[in-house]
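Asks: Before I ask anything, let me first share the structure, which is written out below as structure tokens.
Every number here is computed from the coordinates shown, using simple stated rules; none is lab data. Note that the structure is a prediction, hence the values are computed from the model and not measured. Here Cβ is always computed from backbone atoms with ideal geometry, including for glycine, and neighbour counts include all displayed protein chains.
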């Protein structure tokens with residue numbers, strides 16, 4: 001299991017519960033929608049996952065590793081396995097698009113040639129190669145969010161957590177971003193989308209949904225199941241117009257996560273249940289191949 | 001390399017803050033180097049006086065050569081004594097004649113019989129002179145001991161005061177420089193707070209975040225140390241002719257290149273240490289927030 005929350009309670013102060021006795025699991029390669037009104041605890045889940053918070057009770061596991069047992073110096077390495085996408089994009093305003101995407105690669109010490117190739121691939125994936133030298137202030141909301149997604153993918157994370165990724169976007173841009181996230185999921189990366197955006201929820205109604213209310217998990221549309229790709233609606237399939245990535249290969253860019261290890265870990269789990277695979281008729285040869293690989297390895 | 005680039009960009013973007021930090025550092029190192037050179041000079045002057053005959057013991061006119069030699073050997077045997085020079089009556093007369101060669105009247109009246117033999121004693125350290133004086137006074141054949149202790153006392157006092165003043169001034173200036181860099185870097189960290197939180201989320205290590213700030217502190221310290229040293233070197237070159245005439249042969253001028261290079265190395269090291277520590281203190285506070 002990729003993510004496991006076991007009776008997790010997070011309090012701020014004595015009486016304010018951000019999360020109360022929350023338990024759920026997410027399998028590798030799943031796309032899960034976390035929904036619920038503002039203040040229901042969606043962002044707290046993200047912060048617990050990146051070990052910004054630690055729970056008062058219960059335990060959070062990421063790839064079978066208890067996050068409570070992580071040492072302070074292991075936290076950055078853990079965070080590189082999770083790409084976080086924020087509502088307000090959180091791009092660095094003094095860096096241009098290219099530099100923003102390259103930042104995580106610089107953090108893990110990648111050389112210039114590798115960074116260049118990687119950033120080019122990610123820009124292709126999000127369809128913004130022509131915006132590489134613009135600054136965040138010169139981008140539209142949708143473009144900024146796609147750059148934020150590209151940055152989240154840079155180090156080859158096994159999980160993307162998108163926290164209200166469409167909160168600042170118009171409906172059209174929202175759909176573009178959500179389609180991109182779903183495309184990334186189809187390439188093998190686990191994706192969690194926290195949202196209360198009705199358009200997004202409607203678009204992803206066939207996906208697994210976890211509903212939070214006042215810090216409690218009140219509904220899980222597919223509890224304790226291996227991730228299964230739902231049969232998609234024809235409309236949804238037709239609306240997939242974003243450019244497909246050219247090719248993918250297994251390659252973790254993080255020095256702490258060798259490529260072979262990532263491949264061994266990811267591929268079997270994604271391929272195991274047949275129902276997990278996306279509809280083949282929608283997939284090009286390239287994307288079929290890439291379904292075995294994490295999305296972060298687009299080359 | 002990346003952190004140096006980031007640090008230099010940061011310096012360029014806030015030139016006045018950077019200038020202030022570098023200026024304070026430069027003043028610190030100029031003053032510190034000046035004190036160091038002055039103290040070295042004072043030590044040399046002190047050593048010069050210490051190696052001169054500092055205590056002169058005059059024998060009784062009745063003292064014979066054997067008694068004079070015995071007294072000289074007894075004094076020479078003491079560990080605090082650097083050298084003992086015996087001046088016989090005849091040598092005393094020669095010295096007298098040399099000193100008064102322009103005054104024949106004085107020369108006519110004086111013979112070797114009325115001049116006492118003497119011992120000129122030098123100590124290894126000026127602080128031992130009073131004990132040597134006491135020892136000489138105990139000798140039966142010695143009539144009088146001349147000891148210019150007031151001159152040495154004030155010289156010792158001056159050196160000591162200079163040393164303490166130096167330590168005090170350098171400590172205060174060091175603290176001011178440290179705090180200046182802390183404040184400068186803290187101001188910059190505040191503007192980077194958002195960027196730092198993003199970097200933490202995407203997996204940056206503490207060191208990745210801290211290194212540009214630490215590098216910036218090192219640039220302040222190193223630049224300040226270099227400017228301080230160059231200023232002192234310039235001032236020293238300018239003042240060398242005057243110092244040479246004032247100090248005579250006591251200190252050999254210009255100051256040797258080796259000393260100046262050692263000073264440059266120590267200043268650079270201290271600058272790096274001070275700058276990096278100060279910026280580390282400031283930047284670590286940002287990580288704790």
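Asks: Take peptide A:23-32, look around each residue's Cβ out to 10 angstrom, count Cβ atoms belonging to other protein chains, and average those counts. Walk me through the numbers before you get to the answer.
Replies: Numbers: counts 0, 0, 0, 0, 0, 0, 0, 0, 0, 0.
Other-chain Cβ atoms within 10 Å of each residue's Cβ, averaged: 0.
Asks: Among A:118, A:146, A:47, B:12, which comes first, second and so on when ranked by fewest other beta-carbon atoms within 10 Å? Intermediate values should be presented prior to the final figure.
Replies: Details: A:118 26, A:146 29, A:47 18, B:12 9.
Ranked by crowding around the Cβ, least crowded first: B:12, A:47, A:118, A:146.
Asks: Sorted by packing (mean other beta-carbon atoms within 10 Å per residue), highest first, where do B:154-165, B:130-141 land? Don't skip to the answer; put the middle values down first.
Replies: Numbers: B:154-165: 13.6, B:130-141: 15.7.
So the order, starting with the most tightly packed, is B:130-141, B:154-165.
Asks: Angle, helix B:149-191 long axis vs. longest principal axis of chain B, Cα atoms, 0 to 90°, nearest 10?
Replies: It works out to around 0 degrees.
Asks: Another question about this same structure. Treating the angle as unsigned and between 0 and 90°, give the value, to the nearest 10°, between the Cα long axis of helix B:206-247 and the longest Cα principal axis of chain B.
Replies: 30
Asks: Mean separation of Cα pairs under 8 Å and 6+ residues apart, divided by the residue count of the range B:55-147: what relative contact order is that in percent?
Replies: On the way: 136 pairs, mean separation 46.5, N = 93.
Across the range B:55-147, relative contact order equals 50 percent.
Asks: While we're on this one: Take every residue in peptide B:201-214, count the Cβ atoms of other chains within 10 Å of its Cβ, and give the average of those counts.
Replies: Details: counts 12, 17, 18, 8, 7, 4, 2, 5, 2, 0, 0, 0, 0, 0.
For peptide B:201-214, the averaged partner shielding equals 5.
Asks: Any idea what % of Cα-Cα pairs in the range B:55-147 are farther than 18 Å?
Replies: Working: 1935 of 4278 pairs.
Summing the P(r) of the range B:55-147 above 18 Å gives 45 percent of all pairs.
Asks: Continuing with the same structure: Run through every distinct alpha carbon pair of the range B:1-51 and return the Kirkwood hydrodynamic radius in angstroms, one decimal place.
Replies: Value: 13.8 Å, from the Cα pair sum.
Asks: Further, regarding this structure: Working from the alpha-carbon coordinates of the range B:145-289, get Rg over Rh, Rh being the Kirkwood radius.
Replies: Working: Rg = 22.2 Å, Rh = 18.6 Å.
Answer for the range B:145-289: 1.20.
Asks: Can you compute the equivalent ellipsoid semi-axes for the range B:12-101, i.e. the square root of 5 times each eigenvalue of the Cα gyration tensor, sorted largest first and rounded to whole Å?
Replies: Values: eigenvalues 647, 52, 9 Å².
Listed largest to smallest, the semi-axes of the range B:12-101 are 57, 16, 7 Å.
Asks: In degrees, nearest 10, range 0 to 90: what is the angle between the Cα axis of helix B:15-51 and the longest Cα principal axis of chain B?
Replies: Relative to chain B, helix B:15-51 is tipped by roughly 10 degrees.
Asks: While we're looking at this one, here's another question. Hey, any idea what Rg/Rh is for the range A:43-197, computing Rh the Kirkwood way over Cα pairs?
Replies: Working: Rg = 15.5 Å, Rh = 16.0 Å.
Result: Rg/Rh = 0.97.
Asks: Another question, then. Over all directions, the average projected area of the alpha-carbon convex hull for the range B:1-158 comes to how many nm²? List each step's numbers first, then the result.
Replies: Numbers: hull surface 66.0 nm².
Quarter of the Cα hull surface area: 16.5 nm².
Asks: Same structure again: Output the peptides B:95-104, B:180-189, B:60-69 sorted from most to least packed, where packing is the average of other Cβ atoms within 10 Å over each peptide's residues. Mind showing how you got there, number by number?
Replies: Working: B:95-104: 10.7, B:180-189: 21.1, B:60-69: 13.5.
Listed from highest to lowest mean packing, they are B:180-189, B:60-69, B:95-104.
Asks: When the Cα atoms of the range B:96-197 are enclosed in a convex hull and the volume is divided per residue, what value in Å³ results? Could you put the intermediate results ahead of the total?
Replies: On the way: hull volume 19.4 nm³, N = 102.
For the range B:96-197, the hull spanned by Cα atoms encloses 190 Å³ per residue.
Asks: So for each of A:75-82, B:234-241 I average, over its residues, the number of other beta carbons within 10 Å; can you give me the resulting order with the highest mean first?
Replies: Working: A:75-82: 21.4, B:234-241: 12.4.
Answer by packing, highest mean first, reads A:75-82, B:234-241.
Asks: Running Debye on chain B with equal point scatterers at the Cα sites and no solvent, what base-10 log of I(q)/I(0) appears at q = 0.10, 0.11, 0.17 Å⁻¹?
Replies: Each listed q corresponds, in turn, to -0.71, -0.78, -1.22.
Asks: I'm a student and want to see the number: the projected area of the Cα convex hull of the range A:25-108, averaged over all directions, in nm². If you can, show how the numbers build up before the last one.
Replies: On the way: hull surface 29.0 nm².
If I average the Cα hull's projected area over directions, I get 7.3 nm².
Asks: Counting only other chains, and only Cβ atoms inside 10 Å, what mean value do you get across the residues of A:80-88? Each step should come with its number before you reach the end.
Replies: Details: counts 3, 1, 3, 3, 4, 0, 2, 0, 0.
Average neighbour count from other chains, rounded to a whole number: 2.
Asks: Residue B:108 to residue B:38: extension gain in nm, 0.36 nm per residue of separation minus the Cα-Cα distance?
Replies: Numbers: separation 70, 0.36 × 70 = 25.20 nm, distance 4.79 nm.
Separation in residues times 0.36 nm, less the Cα-Cα distance, equals 20.4 nm.
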